[in-house]
Amino acid sequence: MRTLVQRTKDPIRFYKNIFQKYGGIVFFQLGPYKFAMLNDADAIHEVLHKNAGLYTKSTGYERFKLILGNGLLISEGEVWKKQRRLMSWAFASKHIERVFPVMVSETRDMLKSWEGKTEVDLALEMNSVTLQVISQSLFGKRHQGGDSLLVRRSLQNILEYLQTTRHLWIQLLIAPLPIRDKRRAALKIEASLPLRDTRTFFSSIEKLDQLVEEMITEGRAQKGSENFLDTMISATDSEDHTQMDNQQLRDEVISVLVAGHETTANALTWTWHLLLAHPEVLGKVTEEVGWVVSGEAPKFDELSALTYTKAVLEESMRLYPPFWRISRKNAEDATVGGYRIPANTTVIAAIFSIQRNPTYWERPEEFLPERFLEKGRSENRFAYIPFGAGPRACVGSQFAMVEALTILSICIKAYRFERTSPTFPELFTSLTLQPKGGCKVTLKKRGA
Ligand code: HEM
C-alpha cells in the first residue's frame, strides 16, 4: 500500500529511488499487477522498436477507449496499421504547411488579447492557443465562436477526469475478489458511480461527439480541402484504396484533439520556464528570431533556419518530456535485456528517467541546448524519446515542432517577458508532466 501511495503521489521520485536501488530494468508486483520499469536504452529499444510486435498498449489506456474509441492512439492490430497509413499521409509535410497559417493567426489573436495587459499566465495562454490551433486546423472556418467554446469546455472536462486516479484505488479495492479482468471491472464500477464529475465527463463526450459528427457531415457535403478534417476525409489507403467511415473519422478527430493539444502546450510552458530562468539562452533565441524571421511572424520556409530555437525546444523536452513515461503490455512471456518478463506485465519506458540518465547524457540535469546542435547529444537514440519510438512513435511530431517554433518566435519577436517568481516550479505529474502553479510572467511590448 505504501508503494502505491508513493507511486501515485510522487511518481518521479518513486522511479528515481527504484532505479537507483535496483538498476535500469526493474520488475515488481503490486497485488496481482506485474510491472517492469525500464531506464535502459537498449531495453527500451527492444520493447518499443525491435520486438514491438510482441506488445500492445498497456491496459492503462483502457480508460481512454471511452473517449478515443478505436483512434490511432490506442487501437491495435490491423485497425491500427491501416489507420497509421492513412494518418501518416494526412500528417505529411505538405498538409502541415497548409494549416500553418492557422498557427500564425491563432498566435496573433492571442497577442491581440494581451493588449493593455502587464501580466499573463503563459501556461494558460499556451493551453488555449494550442487548443485553438488544433481545433481550427481540424475544422477551419466552419468552427467559430460557440463551437470553439464547446470544444474547449468539453475537452477540459474530459482531460481533467482522465487525470484522476480514482480507478487505481478501485482496482486495489477489488484486487482480492475473484474477478478475471479486474481493470475492466474497475472501469465499469467507476462509470456507474453517481458522482458529478463522472456525469460531466460522459455528457462532455456526448457534446463533443455531436459537434464532430456535424463537422464530418458538413465536410463530406462540401468536398473541399480547406482543413485537416477534409484531408482526413479524403485520405485513401494505399493498399486497399478505402477511406475512413464516419465512426473512424470521429475517433481520429477526437484522438488528435486529445493527443495534440496539451502535450504541445506543456512543452511550450516548460520551454518558457527554462528560457526565463536562463536569460543568456533567451538572449540567443531572441537574436536568432530577429535574424531569421523577416516579418512579425515566420514564413513556413524560415522555420528550418531557427536551429538554435529548435535545439532549445528539444533540450526542454529532454528535461521535461510532456509524456513522462509510456507503457506496453505483453500477451505472452517475453524477454527484455535478457530477463524473462511474464505475460501480462505492464512494461514502462521511463522517458523522464532515461532522458536524464548519466549513462547516456553528460551533465544530465543541466539545461544545455547546444547539445542538440550535435556535440554532446546522446549516442543512443533510445535515450531521447519525447515523441516515443518505433512503429507507434508520435504521428504529430512535425506538426508539434512547427507549431511550437511558430508560437515561440511570434511571441518573442513582439514581447519581452520576465518571470514573476524567482523559483523554478515543482513538477506536477498526471497524464502529462506539468509545472505546478503555471507560468506567470510580466510582459512588455517590444519597441513600446
Ligand atoms: C510536444 C508535443 C507532443 C509530444 C511530446 C507527443 C508525444 C507522443 C508520444 C510519446 C507518443 C507515443 C505514445 C506511446 O507510444 O504510447 C505519441 C503518439 C501520438 N501522438 Fe503525439 N505528441 C505531441 C504532439 C502531438 C500532436 C500535435 C499530435 C496531432 C496533431 C499528436 C498525435 C499523436 C497520435 C495520433 C499518436 C498515436 C500514434 C500511434 O500510436 O500510431 N501528438 N505522441
For region 373-388, enumerate the residues that are surrounded by fewer than 21 Cβ atoms within 10 Å (Cβ to Cβ) and more than 7 Å from the ligand (Cβ to nearest atom).
Leu373, Glu374, Lys375, Gly376, Arg377, Ser378, Glu379, Asn380, Arg381
Only one of Ile179, Ile205 is at negative phi and within 24 Å of the chain's Cα centre (by Cα); which?
Ile205
Where a residue in region 17-44 is within 17 Å of Arg328 (Cβ to Cβ) and among the charged types (D, E, K, R) and its partner, wherever it lies, is open to solvent by 60 Å² or more (accessible area, probe 1.4 Å) and assigned to a strand (DSSP E or B), with Cβ under 9 Å and at least six apart:
Lys34/Phe27
Answer from Ala414, Ala448 - the residue that is out of contact with any strand residue (DSSP E or B) (no Cβ under 8 Å at 6 or more places or on another chain) and aliphatic (A, V, I, L, M):
Ala448
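Looking for something open to solvent by 10 Å² or more (accessible area, probe 1.4 Å), closer than 24 Å to Lys94 by Cβ and not hydroxyl-bearing (Ser, Thr, Tyr) - is there at least one such residue anywhere in region 197-210? First the steps, then the outcome.
Kept after step one, since they are open to solvent by 10 Å² or more (accessible area, probe 1.4 Å), are these residues of region 197-210: 197, 199-200, 202-203, 205-207, 209-210.
If we keep only those that are closer than 24 Å to Lys94 by Cβ as well, we get none.
No, that holds for no residue.
Only residues that are within 9 Å of the ligand (Cβ to nearest atom) and assigned to a loop (DSSP other than H, G, I, E, B): list them for region 311-324, please. Break it down into steps so the answer makes sense when it comes.
As a first pass, look at region 311-324 and keep what is within 9 Å of the ligand (Cβ to nearest atom): 313, 317, 321-323.
Passing the criteria: Pro321, Pro322, Phe323.
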Complete set of residues in region 432-448 that are away from the ligand (no atom under 16 Å from the Cβ) and either of a type in the set (Val, Ile, Thr) or part of a strand (DSSP E or B) (or both)
Lys440, Val441, Thr442, Leu443, Lys444, Lys445
I'm checking my understanding of the structure. Among residues of region 57-108 that are more than 11 Å from the ligand (Cβ to nearest atom) and among the polar types (S, T, N, Q), which one is modelled with the lowest pLDDT?
Thr59
Here is a list of conditions, (1) away from the ligand (no atom under 14 Å from the Cβ); (2) outside any helix (DSSP H, G or I), and Leu274 meets all of them except one; can you say which number that is?
(2)
Is one or more of the residues making up region 395-417 more than 7 Å from the ligand (Cβ to nearest atom), open to solvent by 40 Å² or more (accessible area, probe 1.4 Å) and more than 19 Å from Ala259 (Cα to Cα)?
yes
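How many residues are charged (D, E, K, R) and either open to solvent by less than 10 Å² (accessible area, probe 1.4 Å) or touching a Lys or Arg at 6+ places or on another chain (Cβ under 6 Å) (or both) when one looks only at region 313-324? Please lay out each step first, then the result.
Initially, region 313-324 is screened for residues charged (D, E, K, R), giving 314-315, 318.
Subsequent filtering for residues that are either open to solvent by less than 10 Å² (accessible area, probe 1.4 Å) or touching a Lys or Arg at 6+ places or on another chain (Cβ under 6 Å) (or both) retains 315, 318.
Final tally of qualifying residues: 2.
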Val129 versus (1) surrounded by fewer than 18 Cβ atoms within 10 Å (Cβ to Cβ); (2) in contact with an Asp or Glu (Cβ under 6 Å, 6 or more places away or on another chain): which is the lone unmet condition?
(1)
So, in region 325-335, of the ones that are within 16 Å of the ligand (Cβ to nearest atom) and open to solvent by less than 70 Å² (accessible area, probe 1.4 Å), which residue ends up farthest from the chain's Cα centre (by Cα)?
Asn330
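So which residues in region 306-339 are more than 18 Å from Ala400 (Cα to Cα) and in contact with an Asp or Glu (Cβ under 7 Å, 6 or more places away or on another chain)?
First, pick out the residues of region 306-339 that are more than 18 Å from Ala400 (Cα to Cα): 325-339.
Within region 306-339, Val336, Gly337 qualify.
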Any hit, region 416-427, residues being more than 16 Å from Glu125 (Cβ to Cβ), hydroxyl-bearing (Ser, Thr, Tyr) and at pLDDT below 95
yes
Being touching a His at 6+ places or on another chain (Cβ under 8 Å), at negative phi and either open to solvent by less than 40 Å² (accessible area, probe 1.4 Å) or touching a residue at least 12 places away in the same chain (Cβ under 8 Å) (or both) is true for just one of Glu239, Glu252, Glu190. Which residue is that?
Glu190
Going residue by residue through region 293-310, is there one that turns out to be of a type in the set (Val, Ile, Thr), more than 30 Å from Tyr415 (Cα to Cα) and open to solvent by 10 Å² or more (accessible area, probe 1.4 Å)?
no
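The values are calculated or read from the model by the stated rules, or taken from the named source; none is laboratory data. None of these values were measured; they are calculated from a predicted model. When we count neighbours, we look across all protein chains shown, and the Cβ atoms used for this are built from the backbone with ideal geometry, even at glycine. To get the accessible areas, we keep the full protein, side chains included, count just its heavy atoms, and leave off ligands, DNA and RNA. Shrake-Rupley method; radii C 1.70, N 1.55, O 1.52, S 1.80 Å.
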